[in-house]
């Protein structure tokens, strides 16, 4: 059986970053489902104030960067795990 341990490096900074991310995502979902016309999801704000070309360039960069970023993180994690197991032998 595999056991996973949750460890947060960076202490309060990591917790604050994760809480801010969850807050932004939660607000986006709430504002998109809310029937109040004064609630503005980030998507509407971006479409209103940022040109489509800029948004497309940013989204294209994110689409290219995220798989590489996560792939390298998982590869490094698995490599460290494999090295730890080899050290125990």
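The values are calculated or read from the model by the stated rules, or taken from the named source; none is laboratory data. Keep in mind that what you see is a predicted model, and the values were worked out from it rather than measured. So basically every Cβ, Gly included, is an ideal-geometry build from the backbone, and we count neighbours across all protein chains shown.
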Q. Restricting attention to segment 1-38, and to residues there that are in a loop (DSSP other than H, G, I, E, B) and modelled with pLDDT of 75 or more, which single residue is nearest to residue 78 (Cα to Cα)?
A. 11
Q. Going by the conditions given, is residue 58 surrounded by fewer than 10 Cβ atoms within 10 Å (Cβ to Cβ), free of Cβ contacts under 8 Å to residues at least 40 places away in the same chain, in a helix (DSSP H, G or I) and on the phi < 0 side of the Ramachandran plot?
A. no
